[in-house]
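Have a look at the structure below, then the notes.
The values are calculated or read from the model by the stated rules, or taken from the named source; none is laboratory data. What you see is a predicted model; the values in this text were computed from it and never measured. Heads up, the Cβs are rebuilt from the backbone with ideal geometry, glycines too, and the neighbour counts pull from every protein chain shown.
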Amino acid sequence: MTTESKYQIREIELAIKVGMSRIEMGKLRGRLTKGDHWDYDGRPKSVWYTHAGVQAMERILGEQPAEVKPVVVEIEVFEEVEGHRYPDDKIPKLPQNGLILEHGRPGWWTKDEAKVLANKFANRKAISVEFEGRQTICRVKDSLNFQPNMIIPVRKYDGILTAARQPRFPGKW
């Protein structure tokens, strides 16, 4: 038998229709009979309900107290804070900035960015950058692939500046 003829609906779809989570539906499924009302099928395996299973689940949901309702949570939306970015006309026209100059900033780019000033230190986990108009140290995994005048995405954690992403090759993302 095919999945369409034997089964009527998947558990995730049924949960969305009745407004419950899959976990709650799984707990209620414990009252039903495996094989008659539901079973695992498909690739990847998922729970499918038969027509009789859907009717049995409707009866169980009808017995539930009125308190069981989907909870509406209000989410506070914060205004997006603009980070420190270099204007496109101030970005040095060098090969290490080719990604930004030719294709624009990619989706993984952060709101804050800095310009690399120096990458040759005894400590290979630090580079010197210009961020928000001042020179500071930025933490990196390895400084070898960073190049001077390269614009990089950074993140700020309590006054500590870290590179958000590491170049894969010298001067190239």
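Where residues in the stretch 148-167 are surrounded by fewer than 16 Cβ atoms within 10 Å (Cβ to Cβ) and among the β-branched types (Val, Ile, Thr), which of them is nearest to the chain's Cα centre (by Cα)?
Ranking the qualifying residues of the stretch 148-167, first place goes to Thr162.
Within the stretch 124-147, take every residue that is touching a residue at least 40 places away in the same chain (Cβ under 8 Å) and outside any strand (DSSP E or B) and give me the one that is surrounded by the fewest Cβ atoms within 10 Å (Cβ to Cβ).
Glu132
For the list (1) modelled with pLDDT of 85 or more; (2) outside any loop (DSSP other than H, G, I, E, B); (3) loosely packed, with under 10 Cβ neighbours inside 10 Å, I need the number of the one condition that Gly62 fails.
(1)
So if I check each of Gly98, Gly107, which one is surrounded by fewer than 18 Cβ atoms within 10 Å (Cβ to Cβ) and outside any loop (DSSP other than H, G, I, E, B)?
That would be Gly98, the only listed residue that is surrounded by fewer than 18 Cβ atoms within 10 Å (Cβ to Cβ) and outside any loop (DSSP other than H, G, I, E, B).
Can you tell which of Ser21, Ser5 is surrounded by fewer than 14 Cβ atoms within 10 Å (Cβ to Cβ) and at pLDDT below 80?
Of the residues listed, the single one that is surrounded by fewer than 14 Cβ atoms within 10 Å (Cβ to Cβ) and at pLDDT below 80 is Ser5.
Would you mind stating whether Arg105 is closer than 28 Å to Tyr157 by Cβ and at pLDDT 60 or above?
yes
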